[in-house]
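Student: A single structure is presented below for examination.
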Amino acid sequence: MTIVNEIEVDIQKSTRDRILEQALILFGESGFSGVSMRDIADRVGIKAASIYNHFSGKDEIFAQLFDEMELRYDKYMDGIMQGEGDQEFFGSITFARLADAVEQIFLYFLTDTMAAPFRKMLTIEQNRSSLAANGFRSFLIERPLEYQTEIFRYLKETGQLQIGRPELAALHFYGPIYLLLQKYDNQLEKLPEALEEIREHVAQFSVLYHGGRE
């Protein structure tokens with residue numbers, strides 16, 4: 001490949017990424033049906049026809065966003081686990097480590113340049129699109145509850161938590177966190193307040209189920 005061709009590939013990749021990025025923001029603001037290809041092109045700064053050099057249409061852009069988010073989400077969670085597999089992570093978890101992970105994940109879905117608008121898009125589109133409905137359940141409900149259930153099961157078995165069913169403990173723990181995401185959506189100027197409420201929630205949960213121990 002020549003230097004010129006390499007530059008062209010980089011430009012195409014950059015344009016494609018910017019199309020996905022701006023489309024996601026627009027979908028999160030106005031919903032899929034409220035956004036046209038021209039709207040996306042205007043935000044990217046290209047002609048509407050140029051989008052078709054990268055995508056066949058809005059449906060392909062929409063579907064590709066899920067693939068991109070899947071990759072980013074897995075990479076982010078790997079970072080939280082510090083390279084450990086599920087078994088190693090769950091087997092070495094402490095309540096203090098869980099609290100740190102919760103704060104990181106909360107910030108991720110509230111402020112990340114892809115995760116935040118993706119969450120908003122799923123919320124808007126879940127009743128229109130089966131893909132969005134499945135994504136909403138997977139990213140915002142099922143995965144968080146599954147991970148936390150496994151963590152609480154281990155903490156119960158090791159005597160770090162005094163709980164009944166780990167599944168219910170996960171619901172008690174995650175429900176307020178999800179509600180706080182909704183509360184502070186579009187209010188990033190209140191981020192310190194949001195983080196304080198997250199910390200207070202974790203501390204209160206610790207008092208209820210953990211005896212306040214570190």
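The values are calculated or read from the model by the stated rules, or taken from the named source; none is laboratory data. The model shown is predicted, which means the values in this text are computed figures rather than measured ones. Note that we place each Cβ from the backbone using ideal geometry, even for glycine, and neighbour counts take in every protein chain shown. Only protein heavy atoms, including side chains, enter the accessible area calculation; ligands, DNA and RNA are left aside. Shrake-Rupley method; radii C 1.70, N 1.55, O 1.52, S 1.80 Å.
Student: Can you pull out every residue in the range 161-210 that is within 17 Å of the chain's Cα centre (by Cα) and of a type in the set (Phe, Trp, Tyr)?
Tutor: Tyr174, Tyr178, Tyr184 - these are the residues of the range 161-210 that are within 17 Å of the chain's Cα centre (by Cα) and of a type in the set (Phe, Trp, Tyr).
Student: Here is a further query. Considering only the range 109-116, I want to know if a residue exists there that is open to solvent by 20 Å² or more (accessible area, probe 1.4 Å) and without any contact (Cβ under 8 Å) to a residue 60 or more places away in the chain.
Tutor: At the first step, the residues of the range 109-116 found to be open to solvent by 20 Å² or more (accessible area, probe 1.4 Å) are 111-113.
Subsequent filtering for residues that are without any contact (Cβ under 8 Å) to a residue 60 or more places away in the chain retains 112.
Yes: the range 109-116 contains one or more residues that are open to solvent by 20 Å² or more (accessible area, probe 1.4 Å) and without any contact (Cβ under 8 Å) to a residue 60 or more places away in the chain.
Student: Separate question: Among Gln182, Gln162, which is the only one that is open to solvent by less than 70 Å² (accessible area, probe 1.4 Å), among the polar types (S, T, N, Q) and either touching a residue at least 24 places away in the same chain (Cβ under 8 Å) or farther than 16 Å from Ala101 by Cβ (or both)? Give the derivation first.
Tutor: Details: Gln162 fails: open to solvent by less than 70 Å² (accessible area, probe 1.4 Å).
That would be Gln182, the only listed residue that is open to solvent by less than 70 Å² (accessible area, probe 1.4 Å), among the polar types (S, T, N, Q) and either touching a residue at least 24 places away in the same chain (Cβ under 8 Å) or farther than 16 Å from Ala101 by Cβ (or both).
Student: Only one of these is at pLDDT 95 or above and surrounded by 13 or more Cβ atoms within 10 Å (Cβ to Cβ): Ile61, Ile80. Name it. Step through it out loud before you land on a result.
Tutor: Values: Ile80 fails: at pLDDT 95 or above.
The conditions single out Ile61.
Student: Going by the structure shown, is Glu157 open to solvent by 20 Å² or more (accessible area, probe 1.4 Å) and not basic (Lys, Arg)? Can you show your working first?
Tutor: Working: open to solvent by 20 Å² or more (accessible area, probe 1.4 Å): yes; not basic (Lys, Arg): yes.
It is true that Glu157 is open to solvent by 20 Å² or more (accessible area, probe 1.4 Å) and not basic (Lys, Arg).
Student: Moving on. Search the range 140-154 for residues being hydrophobic (A, V, I, L, M, F, W, C) and under 17 Å from Phe95 (Cβ atoms), and hand back the single one that is surrounded by the fewest Cβ atoms within 10 Å (Cβ to Cβ). Talk me through it step by step, then tell me what you get.
Tutor: Initially, the range 140-154 is screened for residues hydrophobic (A, V, I, L, M, F, W, C), giving 140-141, 145, 151-152.
After this cut, where a residue has to be under 17 Å from Phe95 (Cβ atoms) as well, the list is 151-152.
Values: Ile151: 23, Phe152: 26.
Among those that are hydrophobic (A, V, I, L, M, F, W, C) and under 17 Å from Phe95 (Cβ atoms), it is Ile151.
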